[in-house]
Amino acid sequence: MRRGRQFAARSPFAVGGLLLLILAAADCRRNEGSTTAITSGAGTHPDIVPVMSGVGVEERLTSIVGGREPYVCTSTQAGGHWEGPCRRFTIINPRSGTLVAALTWDNQHVLILSLKTLDGLQKGMGCCRSSQTLKLAVEAGSVYEVQVTLLKTWGSDETQKFRLTLSLEP
């Protein structure tokens with residue numbers, strides 16, 4: 001079974017009958033130069049994505065990351081360091097298994113897919129062309145953040161549409 005959702009700003013109080021807590025992630029910060037107004041429910045927290053517990057269930061999200069996002073995220077790999085405006089998604093795992101995050105886009109701009117713990121420890125990173133997939137063994141109740149970063153300087157007018165597919169394999 002597949003589920004699809006067009007993503008927009010959402011309230012972080014409850015999703016799918018689950019009460020969820022939002023914690024700030026390290027390695028992401030509010031961009032002081034942002035001209036994006038932060039209002040209740042819009043840009044104040046990462047988007048919350050419940051990962052369904054059924055076998056073979058996917059959560060597909062279609063969204064856009066732009067040069068004026070309210071957050072800037074950083075990623076490192078093999079001695080390299082990247083930073084850019086980003087979209088953040090908090091993942092709460094209902095059971096133990098393998099979390100799979102797959103990112104696809106049309107390659108108009110470079111995107112980075114990162115998977116981090118809430119204290120900022122990077123657990124995986126994929127760059128720079130579509131498609132990128134990260135897998136991570138997770139425990140029931142664990143919380144991670146998926147970051148989709150546009151590899152541009154903050155303030156640019158570029159935007160990139162993407163599709164993020166999340167699943168939890170046994």
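Does G79 satisfy being in contact (Cβ under 8 Å) with a residue 24 or more places away in the chain, of a type outside the set (K, R) and either in contact with an Asp or Glu (Cβ under 6 Å, 6 or more places away or on another chain) or surrounded by fewer than 19 Cβ atoms within 10 Å (Cβ to Cβ) (or both)?
No: the conditions fail for G79.
So T165 ticks every box in (1) in contact (Cβ under 8 Å) with a residue 60 or more places away in the chain; (2) in contact with a Gly (Cβ under 8 Å, 6 or more places away or on another chain); (3) of a type in the set (S, T, Y) but one. Which box is left unticked?
Among (1) in contact (Cβ under 8 Å) with a residue 60 or more places away in the chain; (2) in contact with a Gly (Cβ under 8 Å, 6 or more places away or on another chain); (3) of a type in the set (S, T, Y), the lone unmet condition for T165 is (2).
Might you check whether a residue that is assigned to a strand (DSSP E or B), more than 22 Å from E59 (Cβ to Cβ) and not small (G, A, S) occurs anywhere in segment 125-142?
Yes: one or more hits.
Looking at T74, T153, which one is outside any strand (DSSP E or B) and more than 22 Å from E58 (Cα to Cα)?
Every option except T153 fails the conditions.
Can you report the number of residues in segment 144-159 which are modelled with pLDDT under 90 and either in contact with a Leu (Cβ under 9 Å, 6 or more places away or on another chain) or not β-branched (V, I, T) (or both)?
The total comes to 4.
Looking for something at pLDDT 50 or above, among the hydrophobic types (A, V, I, L, M, F, W, C), buried (at least 17 other Cβ atoms within 10 Å of the Cβ) and assigned to a strand (DSSP E or B) - is there at least one such residue anywhere in segment 45-56?
Yes; the residues of segment 45-56 include at least one that is at pLDDT 50 or above, among the hydrophobic types (A, V, I, L, M, F, W, C), buried (at least 17 other Cβ atoms within 10 Å of the Cβ) and assigned to a strand (DSSP E or B).
The values are calculated or read from the model by the stated rules, or taken from the named source; none is laboratory data. Owing to the predicted nature of the structure, the values given are computational and were not obtained by experimental measurement. Please note: Cβ atoms are built from the backbone with ideal geometry, for glycine as well, and neighbour counts cover all protein chains shown.
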